[in-house]
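These notes concern the structure reproduced below.
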Amino acid sequence: MIGVFDSGLGGLSVLREIVARRPDMSAIYVADSGHCPYGVKSADQIIERATVITDFLLAQGAQLIVVACNTATIAAVEYLRANYSVPFVGMEPAVKPAVARTRSGVIGVLATGAALAGNKLLTLIDRHRGSVRVITQPCPGLVEQVEAGDLDGPITVALLREYALPLLAAGADTLVLGCTHYPFLREALAQIVGPDVVLLDTGEAVARRVDSLLPAVDSAAAAGALRWYSSGELQQMNRVGSCLWGGAINADALTEDDGAR
Ligand code: DGL
């Protein structure tokens, strides 16, 4: 069984790739919606949340944990790997494939403020950019729009235009979706940027990594079982989560005590 967590519902975009690749895998998904968004929190605050959730997932028997959140990966995955023996799979924005793919020589990276604040993403960009111009774009508000289930309403579209159009004007032909919430905005974004702009995310690559690390499931009886937890409003998780997931979600509450060691 694997554990998957995000600040909210964005990590469902990663879990769906994992399930597509490995329908036999059982998983527990934790949406930390009561503490969303992570994008405005300090690294210490995000590490604290990641620790509570990791303790909870390990208590449930997780053999591997997917940090299905770019912001939490950047802030906390090194800490988690140093302090727990279970393997962690984190997110890495698709900068390398974007650099390989661009024809115009300009790419845009859409991410949260916290993800862009640290050195880690900038180091990744420096490592892969070569002669390509990489423009980073913080996108405040988008995570909240996805959490509210507003994938293509006027406010969401206005935010997407505000963030994407300057990148296009600067010549970008490839955009990196550097937050796991953003794949749920792919269709609305594609309408704005048009069919010639490539949109890249990392869900499939993470699914391949999970597959390689966990070749066999623990118990055939539990194969394919999915369980859901949220630290936020369960109604919101069930309503919006079910829409994003494309199937019924019935979440239980994640209480702080659940995570106590
Ligand atoms: N899905 C998270 C990410 O990939 C969103 C972080 C947030 O809550 O701001 O970065």
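The values are calculated or read from the model by the stated rules, or taken from the named source; none is laboratory data. Because the structure is a prediction, the values reported are computed rather than measured. Virtual Cβ from ideal backbone geometry, glycine too; neighbours counted across all protein chains shown. Remember, those area values only see protein heavy atoms, side chains included, never the ligands or the DNA or RNA. Shrake-Rupley method; radii C 1.70, N 1.55, O 1.52, S 1.80 Å.
The table that follows gives values for the structure above.
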{"quantity": "Taking N as its residue count, the alpha carbon Rg of segment 120-174 over 2.2 N^0.38 Å", "calculated": "1.37"}
{"quantity": "Restricting segment 111-163 to trypsin sites (Lys or Arg not before Pro) in coil, as DSSP defines it, with at most 16 other Cβ within 10 Å", "calculated": "ARG129"}
{"quantity": "Using alpha carbons only: equivalent-ellipsoid semi-axes of segment 57-176, gyration tensor based, whole Å", "calculated": "28, 20, 11"}
{"quantity": "Helix 234-245 vs. the chain, principal-axis angle (Cα, 0 to 90°, nearest 10)", "calculated": "60 degrees"}
{"quantity": "Contact order normalised by residue count of the chain, Cα under 8 Å, 6+ apart, percent", "calculated": "29 percent"}
{"quantity": "Highest-first arrangement of 3-10, 138-145, 187-194, where packing means the average Cβ count within 10 Å", "calculated": "3-10, 138-145, 187-194"}
{"quantity": "Helix 154-169 vs. the chain, principal-axis angle (Cα, 0 to 90°, nearest 10)", "calculated": "50 degrees"}
{"quantity": "Bins of 5 Å, starting at 0 and running to the largest distance - Cα pair percent for segment 119-210", "calculated": "2, 12, 22, 24, 20, 13, 5, 1"}
{"quantity": "Acute angle (nearest 10 degrees) that the helix 203-213 long axis makes with the longest principal axis of the chain, alpha-carbon atoms", "calculated": "40 degrees"}
{"quantity": "Value at 222 nm in deg cm²/dmol, rounded to 500, when DSSP H runs of n ≥ 4 in the chain each add -39,500 (n - 2.57)", "calculated": "-13500 deg cm²/dmol"}
{"quantity": "Charged-residue dipole, Cβ positions (Lys, Arg, Asp, Glu), segment 1-83 about Cα centre, Debye nearest 20", "calculated": "200 debye"}
{"quantity": "Share, in percent, of DSSP beta bridges within the chain that are antiparallel, nearest 5", "calculated": "0 percent"}
{"quantity": "Principal semi-axes in Å for the chain [√(5λ), Cα gyration tensor, largest first]", "calculated": "29, 20, 18"}
{"quantity": "D (Stokes-Einstein, µm²/s), Kirkwood Cα radius, segment 1-114, 1.306 mPa s at 10 °C", "calculated": "107 µm²/s"}
{"quantity": "D (Stokes-Einstein, µm²/s), Kirkwood Cα radius, segment 106-261, 0.890 mPa s at 25 °C", "calculated": "137 µm²/s"}
{"quantity": "Test item: Cα-centred dipole of segment 84-147, Lys/Arg +1 and Asp/Glu -1 on Cβ, debye", "calculated": "440 debye"}
{"quantity": "Percent carbon-and-sulfur accessible area, the chain, ignoring ligands, DNA and RNA, probe 1.4 Å", "calculated": "50 percent"}
{"quantity": "nm² value of the averaged projected area, convex hull over the Cα atoms of segment 8-70", "calculated": "4.4 nm²"}
{"quantity": "Ratio Rg/Rh [Cα only; Rh per Kirkwood] for segment 97-139", "calculated": "0.96"}
